[in-house]
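The values are calculated or read from the model by the stated rules, or taken from the named source; none is laboratory data. Only a predicted model underlies this, so the values are computations on that prediction, with no experimental measurement involved. Note: ideal-geometry Cβ built from the backbone for every residue, glycine included; neighbour counts use all protein chains shown.
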């Protein structure tokens with residue numbers, strides 16, 4: 001069997017936030033989370049885009065005395081192209097019980113808010129004592145659901161961003177910085 005040939009998407013990546021800026025912001029987020037939520041909580045990361053952010057955030061939380069339980073969830077919103085249908089499907093569910101837990105729901109980017117609103121409601125319905133939302137990036141201009149993040153790394157304008165776990169057609173996740181794809 002021959003692997004399908006793929007090509008890297010066209011365009012250049014313009015750096016928005018350097019690795020050093022991201023590291024400083026993640027450390028500040030961890031300090032704020034430790035101060036507001038305390039040392040005992042459950043982190044639920046939304047995959048795939050948040051995996052780099054979550055790993056760095058967990059290490060930073062450790063340095064601030066937080067020792068969370070950790071679980072992962074993969075959600076999908078089906079639609080044509082880049083438009084969400086508004087229907088959220090659980091592709092991979094958490095395995096730990098959230099009853100009575102203070103949950104920190106971590107995602108890479110908050111745009112329409114539909115997926116995160118669905119995840120937060122699901123965890124609340126399952127008995128979480130509280131659900132706080134932490135996102136690396138917030139695009140408030142794209143919001144379609146009534147949801148706000150409790151902890152935000154950076155607020156950005158409406159542009160397509162990659163790097164630090166965020167991708168374009170499965171490319172660019174490895175970049176140590178966050179950048180915007182510009183037209184070629």
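All conditions in (1) in contact with a strand residue (DSSP E or B) (Cβ under 9 Å, 6 or more places away or on another chain); (2) more than 19 Å from residue 21 (Cα to Cα) hold for residue 169, with the sole exception of (1).
Considering only the stretch 103-111, I want to know if a residue exists there that is crowded, with 20+ Cβ neighbours inside 10 Å, in contact with a strand residue (DSSP E or B) (Cβ under 7 Å, 6 or more places away or on another chain) and not in a strand (DSSP E or B). Among the residues of the stretch 103-111, not one is crowded, with 20+ Cβ neighbours inside 10 Å, in contact with a strand residue (DSSP E or B) (Cβ under 7 Å, 6 or more places away or on another chain) and not in a strand (DSSP E or B), which makes the answer no.
Could you tell me which of the residues 90, 70, 46 is surrounded by 13 or more Cβ atoms within 10 Å (Cβ to Cβ), assigned to a strand (DSSP E or B), at pLDDT below 95 and touching a strand residue (DSSP E or B) at 6+ places or on another chain (Cβ under 7 Å)? It is 90. When residues in the stretch 112-129 are screened for being closer than 26 Å to residue 25 by Cα and part of a helix (DSSP H, G or I), 6 of them pass.
What do you reckon, is residue 57 in contact with a helix residue (DSSP H, G or I) (Cβ under 6 Å, 6 or more places away or on another chain), closer than 21 Å to residue 173 by Cβ, outside any loop (DSSP other than H, G, I, E, B) and modelled with pLDDT under 95? No, not satisfied.
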